[in-house]
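Engineer: Can you read through this structure? Questions will come right after.
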Amino acid sequence: MDVCEVYKVLHGMPETAHQEYRTSAFLAARLREMGFDVAEGVNGSTGVVGTLDSGRPGPVLGLRADMDALPFEREGKTCAIHACGHDANCAMVLTVAGRLARKNAFSGTLQVIFQPAEEGDGGSRSVIGSGLLSGLDEIAAIHLLESGDGRAGQASPAVYHCASSQIRARLLGVSAHGSKPHLGINAAEAAVLAANGLSAVHGDPALVHSLKVTQIVTAEGGLNTIPAEALMGIDLRCEDDREMERLAQKVRKVLECAAETAGAGLELQPITYGPAPVYSQAMRQSAADSIREVLGEQGLLRDVHTTVGEDFHYYAALLGCEAIYMGLGADVSPVLHHPDMCFDVRALEHGSEILSRFAEKRLCNMEER
Ligand SMILES: [Zn+2]
Ligand SMILES: [Zn+2]
């Protein structure tokens with residue numbers, strides 16, 4: 001099967017986070033046919049880790065692809081759609097695994113990681129928790145780019161995501177008759193105070209970041225009743241982990257002050273998602289060289305900076321390995337995460353060729369590195 005055929009199979013069986021049973025069974029079966037040692041259902045997840053030891057000394061390189069599709073409502077029903085192109089990521093990584101296994105001209109060990117639940121649900125941590133990746137020296141991934149970042153025939157050697165966090169706050173007031181607001185504590189007013197206060201929080205303009213209120217919900221009651229509870233959602237992103245922590249502290253302070261001003265109680269539930277990327281410049285160079293070889297000088301894009309989060313960055317953060325994350329131009333239309341998202345499937349041939357060359361560079365000529 002070539003990369004486009006694999007893509008078509010996976011595209012036809014979209015499964016949302018933690019439900020990737022058919023997808024992982026298909027990928028595991030193909031890896032076994034290629035001669036990989038395959039672990040399925042790793043750490044109780046749907047994750048698959050395939051290992052191919054060349055028998056020659058060298059580094060351990062991981063290629064990671066995420067498997068999950070996104071849930072959408074269509075005609076009153078929830079359905080899964082591959083609107084982020086994770087089927088494309090899996091097709092490219094599987095194709096590269098097959099090529100390297102067939103040629104068997106590399107040194108060291110190739111580990112292929114098919115990860116569940118990238119879309120905000122801890123998939124990478126469940127695979128890391130399996131312990132199967134403790135020997136990884138390097139890990140790489142590739143993902144479709146938004147058209148604004150790159151078109152078909154172009155690719156970027158490094159996509160810099162942001163650390164990303166969603167914070168849930170619960171403001172607790174006291175109900176009262178709307179005619180006697182002084183006898184109650186208005187949780188809605190506390191939430192509005194907090195929202196206004198957050199607009200005065202500024203991150204370093206030299207760093208890509210974003211802070212916004214995403215939800216304000218007050219208790220449903222009569223329009224003549226002082227609401228006793230308000231829920232707030234805040235989405236926070238930054239390309240730098242230290243600046244991210246500074247912003248998170250400011251957010252916490254604003255919420256505390258707003259609650260105190262209104263006399264309300266506050267419960268905070270931070271949901272950490274993913275750290276910011278830290279990339280190996282040597283791996284970035286191999287990625288750039290591979291892109292230039294496949295797409296020519298005009299196909300080599302600059303690094304892409306985006307406020308999107310990625311749980312890929314847990315691999316380097318928790319395993320202490322080196323990492324790189326490439327971006328593939330594919331004329332994505334209209335945008336990623338749109339239920340009608342489509343792209344130029346021929347770009348997958350470029351992507352798998354780039355990733356093959358990259359893997360060969362990282363797994364050969366160890367002494368020269
Ligand atoms: Zn996505
Ligand atoms: Zn994605």
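The values are calculated or read from the model by the stated rules, or taken from the named source; none is laboratory data. The structure displayed is predicted, hence computed values, not measured ones. Using ideal geometry, Cβ is built from the backbone for each residue, glycine included, and neighbour counts are taken over all protein chains shown. For the accessible areas, the whole protein counts, side chains as well, though only heavy atoms, and no ligand, DNA or RNA atoms are used. Shrake-Rupley method; radii C 1.70, N 1.55, O 1.52, S 1.80 Å.
Engineer: Apply the Karplus curve 6.51 cos²θ - 1.76 cosθ + 1.60, θ = phi - 60°, to the phi angles in segment 43-55 and return the couplings in whole Hz, x for Gly and Pro.
Structural biologist: Computed from phi, the couplings for segment 43-55 are 6, x, 9, 8, x, 10, 10, x, 10, 10, 8, 6, x Hz.
Engineer: Shifting gears a bit: HN-Hα J couplings of segment 93-105 from phi, Karplus 6.51/-1.76/1.60, θ = phi - 60°, integer Hz, Gly and Pro as x?
Structural biologist: Per residue, the Karplus-derived 3J(HN,Hα) values read 5, 4, 5, 5, 4, x, 5, 5, 5, 5, 6, 6, 10 Hz.
Engineer: Moving on. Excluding same-chain residues fewer than 8 positions from Lys212, which lysines have a Cα within less than 22 Å of its Cα?
Structural biologist: Within the straight-line limit of under 22 Å, Lys212 reaches these lysines: Lys250, Lys253.
Engineer: Straight-line reach from Lys8: which lysines have a Cα under 28 Å away, not including same-chain ones fewer than 8 places off?
Structural biologist: By straight Cα distance, Lys8 reaches Lys77, Lys103.
Engineer: Right, another one. What is the packing order of peptides 198-204, 161-167, 98-104, 219-225, taking the mean over residues of other C-beta atoms within 10 Å and listing the highest first?
Structural biologist: Put in order of decreasing packing, that is 161-167, 98-104, 198-204, 219-225.
Engineer: Report the local net charge at Leu231: Lys and Arg +1, Asp and Glu -1, summed over other residues whose C-beta lies under 13 Å from its C-beta.
Structural biologist: Once positives and negatives cancel, what remains is -1.
Engineer: Same structure again: Enumerate the amide H contacts of Val308 below 5 Å, restricted to partners 5 or more residues apart or on another chain; note that Pro and chain-start residues carry no placed amide H.
Structural biologist: Cys162
Engineer: Under a 5 Å amide H to amide H cut-off, with H placed in plane at 1.01 Å, what residues pair with Thr16 once short-range neighbours are removed?
Structural biologist: For Thr16, the qualifying residues are Ala69.
Engineer: Here's a follow-up. So how strong a dipole does segment 171-305 carry about its Cα centre when Lys and Arg Cβ are +1 and Asp and Glu Cβ are -1, to the nearest 20 debye?
Structural biologist: For segment 171-305, the charge dipole is close to 240 debye.
Engineer: Let me ask something else about it. When ligands, DNA and RNA are left out and all protein chains stay put, how many square angstrom of accessible area per residue does segment 6-58 have with a 1.4 Å probe?
Structural biologist: 48
Engineer: Let me ask something else. Of Ala69, Cys4, Ser210, which is farthest towards the positive pole of the chain's charge dipole, taken about the Cα centre with +1 and -1 on the beta-carbons of Lys, Arg and Asp, Glu respectively?
Structural biologist: Ser210
Engineer: Taking the Cα centre of segment 112-251 as origin, sum charge times position over the Cβ atoms of Lys and Arg (+1) and Asp and Glu (-1), and report the length of that vector in debye to the nearest 20.
Structural biologist: It works out to roughly 560 debye.
Engineer: What Kirkwood Rh does the chain have if only Cα atoms enter the pairwise 1/r average? Answer in Å.
Structural biologist: Result for the chain, one decimal place: 22.1 Å.
Engineer: Spin-label point model (7 Å from Cα, Cβ direction): what's the Arg151 to Ala282 distance in nm?
Structural biologist: 3.7
Engineer: Of all the accessible heavy-atom surface of the chain, with the other protein chains kept in place and a 1.4 Å probe, what percent is carbon and sulfur?
Structural biologist: Answer for the chain is 50 percent, counting heavy atoms of protein chains only.
Engineer: Between segment 59-104 and segment 283-317, what is the separation of their alpha carbon centroids in Å?
Structural biologist: 18
Engineer: Moving on to the next point. Quick one: dipole size for the chain, taken about the Cα centre, charges +1 on Lys/Arg Cβ and -1 on Asp/Glu Cβ, in debye to the nearest 20.
Structural biologist: Roughly 200 debye, rounded to the nearest 20.
Engineer: For the chain, calculate the relative contact order in percent as a whole number, restricting contacts to Cα pairs under 8 Å that are 6 or more residues apart.
Structural biologist: That works out to 23 percent.
Engineer: Another question, if that's okay. If you add up the charges near Leu328, with Lys and Arg at +1 and Asp and Glu at -1, over every other residue whose beta carbon is less than 12 angstrom from its beta carbon, what do you get?
Structural biologist: -4
Engineer: If one computes P(r) from the Cα atoms of segment 1-122, what percent of pairs lie at distances over 26 Å?
Structural biologist: Cα-Cα pairs in segment 1-122 separated by more than 26 Å: 20 percent.
Engineer: Would you mind getting the accessible area per residue of segment 228-310, heavy atoms of the protein chains only, 1.4 Å probe, in Å²?
Structural biologist: 49
Engineer: By how many nm would the segment from Thr307 to Asp204 lengthen if fully extended, with 0.36 nm per residue of separation less the alpha-carbon distance?
Structural biologist: 35.6 nm
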